[in-house]
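A.B. asks: Can you keep this structure in mind? I'll have questions shortly.
The values are calculated or read from the model by the stated rules, or taken from the named source; none is laboratory data. Only a predicted model underlies this, so the values are computations on that prediction, with no experimental measurement involved. Please note: Cβ atoms are built from the backbone with ideal geometry, for glycine as well, and neighbour counts cover all protein chains shown. Just so you know, the surface numbers come from the protein's heavy atoms only, side chains and all, with ligands and any DNA or RNA stripped out. Shrake-Rupley method; radii C 1.70, N 1.55, O 1.52, S 1.80 Å.
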Amino acid sequence: MSGGPTRDKVARGAILLTVTRLLSRSFDLVTLIVLTRVLLPADFGLVAIALSVMQVTEAVLELSTGQAILQFRTVTRRHLDTAFTIALLRCAAIALILCAIALPLALFYDEPRLAALTCAMAIAPAIRGLRSPRLYLLIRHLRFGPEAASEFVGKVVSLAAAVSLALATGSYWAIAAGTIFNPVGSTLCSYLLTRYRPRLSLADWPQFQHFVGWSMASQTVSAFNWQADRFILAKFVSQSTLGIFSTAREFAGLSY
């Protein structure tokens, strides 16, 4: 009998997250339809290069601080502050790496616009990694509402930013704006809903060491395998062709 309320909370949480994911996919679909209608295939091809570099860098430097919070027997304020500080250091590393390779990337693909675009896209993973660590504490207690709400708000902000900029300018920056404003909206919402005030601390770093350790080699290989097609195509085909391929893959990805 004691497991009844818990099972009900889990079931309600699963339904809430499922509905949120369906709505999020719907917003992604609307955004993609509008952008493909307004922008050119070459615009998608250009952004696809910067997006692939961003996603590979983010995947390689992935850390499991959230999983640590979920698995700790007792979570204190020091744990949350340490998790936030580790995430902040990771985000700074991602931003620095992307900005450092922006110019070489532009030279390699002979596309000057890639330098500024890659630097701008560095904002997305940097902000995404700074979501309130207290969200994981709420999930630990089977409170999925703030997680669902923050994801929903991120999608709404992304849709508004991408579509409005696309209609106003017809520029490839609309695609970048959608990518950037999604984590901005989601992260800001996470702090409003959890009422967590960040503080810098590495006091409980030893307890996170086991969870944040990762195999750099295996993650690098996996990340490059995931995006290898875009990197290769970008060098040998036109941006329009790459854009058509990337857009088709995005549409296919919305189905699962």
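A.B. asks: Dipole magnitude of segment 124-189 about its Cα centre, charges +1 at Lys/Arg Cβ and -1 at Asp/Glu Cβ only, in debye to the nearest 20?
C.D. replies: So the dipole magnitude of segment 124-189 works out to roughly 240 debye.
A.B. asks: Only helices at least 27 Å long along their axis, Cα-based, and averaging -0.5 or more on Kyte-Doolittle count here, so list those DSSP H runs from the chain.
C.D. replies: Going by DSSP H runs, the hits are 3-38, 41-60, 77-108, 145-169, 173-194, 216-236.
A.B. asks: Taking the chain as a Gaussian network, Cα atoms linked when under 10 Å apart, which of A100, A176, A168 shows the biggest mean-square fluctuation?
C.D. replies: In this elastic network of the chain, the residue with the biggest mean-square fluctuation among A100, A176, A168 is A168.
A.B. asks: Set Lys and Arg Cβ to +1 and Asp and Glu Cβ to -1, take the dipole of the chain about its Cα centre, and tell me which of T31, G243, A48 lies farthest positive.
C.D. replies: Final value for the positive-end residue is T31.
A.B. asks: Would you list Y136, Y196, Y191 from the most to the least accessible area, probe 1.4 Å? Numbers along the way, then the final one.
C.D. replies: Numbers: Y136 80, Y196 15, Y191 50 Å².
Per-residue accessible area, sorted high to low, gives Y136, Y191, Y196.
A.B. asks: Say we join alpha carbon atoms closer than 10 Å with springs in a Gaussian network model of the chain; which of A11, A161, A120 then has the biggest fluctuation?
C.D. replies: A11
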